[in-house]
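The values are calculated or read from the model by the stated rules, or taken from the named source; none is laboratory data. As the structure is a prediction and not an experimental result, all values here were calculated from the model. Backbone-built Cβ (ideal geometry, glycine too); neighbour counts: all protein chains shown. With ligands, DNA and RNA removed, areas are computed over all heavy atoms of the protein, side chains included. Shrake-Rupley method; radii C 1.70, N 1.55, O 1.52, S 1.80 Å.
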Amino acid sequence: MNEFILEKIFNKINIIPPFPKTAHRALELLRRDEVDFRELEGIIKTDPGIAVNFLKLVNSAAFSLPQKVDSLLKAFMYLGIDQIKLILLASVTGKYFSQNLTGYGVSAKDIWLHSIACAFTAEEIANELRLPPEKRESLYIASLLHDVGKIVLDLYTNLEEAKFYEVSQENPSYDFLQVEWLVLGVDHGLVGGYLLKRWNFPEDITFAIRAHHDPDLMLQKKMSAIVALANILVNLLGLTGGIDAFKYKVPEGLLEVIGLSQKSLEIISHKVLKRTVFLETLLV
Ligand SMILES: [Fe+2]
Ligand SMILES: [Fe+2]
């Protein structure tokens with residue numbers, strides 16, 4: 001590991017705002033069987049930035065509400081739990097995915113779409129596997145933020161897309177993980193995992209992000225295997241997160257570690273496609 005580069009990056013990393021506790025708490029509440037909207041309102045109101053953004057998105061054309069909504073409680077009543085969660089995440093993550101990542105060749109909108117679609121996919125996989133609620137929450141957040149390291153690297157290393165192509169061509173047998181190491185001395189999984197550790201995210205989430213392109217690491221835990229698979233599926237569905245989309249090794253046994261059949265993969269992909277069609281209208 002190139003300590004110098006990591007050091008240089010992480011000295012500046014505090015500039016990135018931490019993932020809000022409000023969002024953690026609201027997502028946790030939305031996992032319950034019975035959601036108390038007043039309690040949810042109380043939580044969201046503790047972060048005025050999120051609350052204002054939430055109302056702005058609810059009133060956007062995507063939801064075509066019959067009238068303008070000016071209170072959170074009213075907004076919750078119009079929307080189902082899935083939509084509340086979607087708007088919450090869109091309003092929280094928007095600030096991370098607000099710039100084009102030119103080094104990785106992806107626009108702000110597309111990396112956002114890729115990240116949210118990845119969280120949907122992981123959620124559908126979790127449903128299929130009937131994972132317990134606390135595991136689902138960690139999985140959801142890990143998938144949503146799996147590429148956050150790209151943002152850090154793009155912002156702080158004067159990354160050039162051409163450099164990735166050049167190094168790839170010089171080393172045709174290398175996958176993108178190896179190319180990233182040659183170009184940057186780190187990879188975006190490692191950087192993302194480290195960032196989330198500094199934000200005090202639990203170990204299962206930081207490990208899954210760290211491991212999402214590493215063929216050996218991702219098989220060590222079910223959660224990292226699911227995040228890796230969700231990323232692959234979302235890329236295959238055309239919601240790519242950059243020039244690296246199809247340039248990684250997929251280890252044998254990924255589906256076996258997760259416990260998924262080919263058939264359930266097809267069902268999951270279909271569900272994700274349906275959910276992302278709506279998402280695209282929201283982000284236009
Ligand atoms: Fe990635
Ligand atoms: Fe990704």
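Ranked from largest, the principal axis spans of the Cα set of the stretch 2-93 equal 55, 29, 20 Å. Two numbers describe the Cα atoms of the chain: Rg and Dmax, which are 18.7, 58 Å. Only helices enter this figure: runs of n ≥ 4 DSSP H residues, each worth -39500 (n - 2.57), summed and divided by the residues of the chain, yield -20000 deg cm²/dmol at 222 nm to the nearest 500.
Distant-in-sequence amide contacts of Val106, defined by a placed amide H-H separation under 5 Å and a gap of 5 or more residues or a different chain, comprise Leu101. Its relative contact order, with pairs defined as Cα atoms under 8 Å and 6+ residues apart, puts the chain at 21 percent. By the gyration tensor of its Cα atoms, with a ≥ b ≥ c the square roots of the eigenvalues, what is the shape of the stretch 158-272: rounded for a/c under 1.5, prolate for a/b over b/c, or oblate? It comes out oblate by the Cα gyration axes.
A straight line joining the Cα centroids of the stretch 178-224 and the stretch 233-253 runs 16 Å. For Thr276, Thr46, the ranking by accessible surface with the largest value first comes to Thr46, Thr276, using a 1.4 Å probe.
When only alpha carbons are used to place a centre, the stretch 28-62 and the stretch 83-103 end up 15 Å from one another.
On a per residue basis, the stretch 98-156 carries 30 Å² of accessible surface, using protein heavy atoms and a 1.4 Å probe. Accessible surface calculations at 1.4 Å, restricted to protein heavy atoms, place the stretch 160-284 at 48 Å² per residue.
I'd like the FRET efficiency for Phe4 and Asp33, computed as 1/(1 + (r/R0)^6) with the beta carbon distance as r and R0 of 41 Å, rounded to 0.05. Once the sixth-power term is evaluated, E becomes 0.25. In the context of the full set of protein chains, residues of the stretch 17-95 present 51 Å² of accessible surface per residue (probe radius 1.4 Å, heavy atoms only). Within the accessible area of the stretch 142-284, the carbon and sulfur atoms contribute 54%, probe 1.4 Å, all protein chains present.
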